[in-house]
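What follows is one structure encoded as structure tokens, with my remarks underneath.
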Amino acid sequence: MSTNSDTAAPLDLSRWRNVPNWLIAGGGLLALIGVFVDRKQLGFSWLLAYMFFLSFGLGGLFLVLVHHLFDASWSVPIRRFCEHIACLLFPWMAILFIPLALLAPQIYPWMMMGEPDHALHAKQAFLNQPMFYLLSAICFAVWWRLTSGLRNWSLKQDESGSAECTFKMRGYSYWGIFAFAFTLTFAAVMWVKALEHEWFSTMYGVYYFADSIWATLATVYVITAILKRNGQLKDVVHNDTFYFIGSLLFAFTVFYAYIHFAQYFIIWNANMPEETFWYVLREKGTWWDIGMIIIFGHFFLPFLLLLRIDWKLSLPMMIPLCVWAWLMRFCDQSYNIMPTHGAHPEGFVLHWMDVACMAFIGGVLIKAFLKSFNAHPPYPQRDPRMAESLGVYLPPASAGPAASHGGAK
């Protein structure tokens with residue numbers, strides 16, 4: 001079965017080229033107004049948008065790391081634009097962190113506490129202003145080292161095709177996967193979980209990781225479909241590519257549900273006030289409805305749709321599902337951030353500052369991604385696994401003429 005993009009006419013994207021500029025201008029203006037209207041609300045809205053888009057940068061980095069760790073072939077055609085997504089972590093996400101760093105005292109109550117309570121006293125070595133900014137700087141430093149190193153060697157591979165480039169990228173991935181795990185956990189705990197410093201959860205980093213990769217895979221599916229239809233990846237992306245992306249999306253649908261349910265199950269069974277209050281707060285008002293939407297929309301709907309193999313290759317089925325995944329990611333991030341300390345404890349509210357911050361940060365990142373993508377070849381030019389990803393057999397260079405009789409598959 002083939003995807004609909006095989007025979008469809010190329011998309012006319014010229015009409016959309018100014019959309020990032022409109023998002024930046026409109027969102028930036030409204031966010032600037034928010035500085036004078038309600039800085040606390042602006043801080044929560046900026047954090048919501050920031051953590052939403054941070055998911056994609058971290059997800060792109062993870063996909064590049066596991067590509068090299070497993071020496072995969074099917075993911076070679078999509079590796080280059082995944083590198084561009086990962087490179088949004090630095091400098092762009094680092095620059096966009098500045099407003100959050102400035103507004104942090106407005107949204108993290110423990111920063112303004114004169115006398116720490118019992119919960120804060122137990123965590124004060126971690127939850128203090130100097131550590132907040134130090135760990136944030138360490139996260140961006142690690143992400144810069146990883147993303148710049150991986151992309152630089154990837155581009156060198158395009159020029160020389162040297163085996164050294166492949167080994168260097170594997171070397172980055174060996175230590176990078178551990179650094180990725182630690183920095184993602186620090187970011188999720190320090191920037192979101194610490195909104196409620198009284199709460200205890202040892203699974204929060206994995207929870208944020210699972211949802212981030214899930215949303216990123218949906219984004220990768222859409223980008224792959226667009227680039228294939230427009231011709232940039234037409235010769236290197238085939239049905240197997242869409243099938244494997246869809247299969248990973250299915251896997252992380254289940255993994256996210258398992259992590260979220262396990263966290264809820266353990267906390268509710270333990271019945272400790274320091275833990276259960278987090279869910280009690282999210283059962284009030286319309287947050288209960290958002291919780292139900294997450295259960296059925298984030299798990300059951302994509303789970304049932306992705307069970308069928310042929311639907312993973314159907315763009316009319318998958319593209320709406322991927323857009324739905326972005327909506328569920330937004331709902332989940334709102335569910336984590338907005339019920340806290342004076343944001344929207346009474347229920348879900350889509351504030352105009354939420355829209356402004358999403359538009360501005362999204363516009364900046366889309367523009368940065370397109371600039372990087374247009375500046376480099378759309379896929380790796382001399383990756384040793386490219387032939388395998390295309391189903392072509394190439395005999396070893398040391399083999400004699402008889403070894404080539406197998407030809408191409």
- Those residues that are of a type outside the set (A, V, I, L, M, F, W, C), touching a residue at least 12 places away in the same chain (Cβ under 8 Å) and assigned to a helix (DSSP H, G or I), I need them from region 114-144; list them, please. LYS123, GLN129, TYR133, SER136
- Note on the structure: Within region 55-81, residues being under 11 Å from the mean Cα position of the chain (by Cα), more than 14 Å from ALA181 (Cα to Cα) and surrounded by fewer than 24 Cβ atoms within 10 Å (Cβ to Cβ) number 0
- Task: Answer yes or no as to whether TRP144 is surrounded by fewer than 18 Cβ atoms within 10 Å (Cβ to Cβ), farther than 20 Å from ILE337 by Cβ, of a type in the set (A, V, I, L, M, F, W, C) and in contact with a Leu (Cβ under 8 Å, 6 or more places away or on another chain).
- Result: yes
- On the given criteria, is PHE244 under 30 Å from LEU13 (Cβ atoms) and not in a loop (DSSP other than H, G, I, E, B)? yes
- Quick check: anything in region 318-339 part of a loop (DSSP other than H, G, I, E, B), under 21 Å from the mean Cα position of the chain (by Cα) and surrounded by 16 or more Cβ atoms within 10 Å (Cβ to Cβ)? yes
- Query: Is it the case that LEU306 is surrounded by 15 or more Cβ atoms within 10 Å (Cβ to Cβ), of a type in the set (A, V, I, L, M), modelled with pLDDT of 95 or more and over 24 Å from THR202 (Cβ atoms)?
  - Reply: yes
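The values are calculated or read from the model by the stated rules, or taken from the named source; none is laboratory data. Here the structure is a predicted model, which means the values were calculated and not measured. Note: ideal-geometry Cβ built from the backbone for every residue, glycine included; neighbour counts use all protein chains shown.
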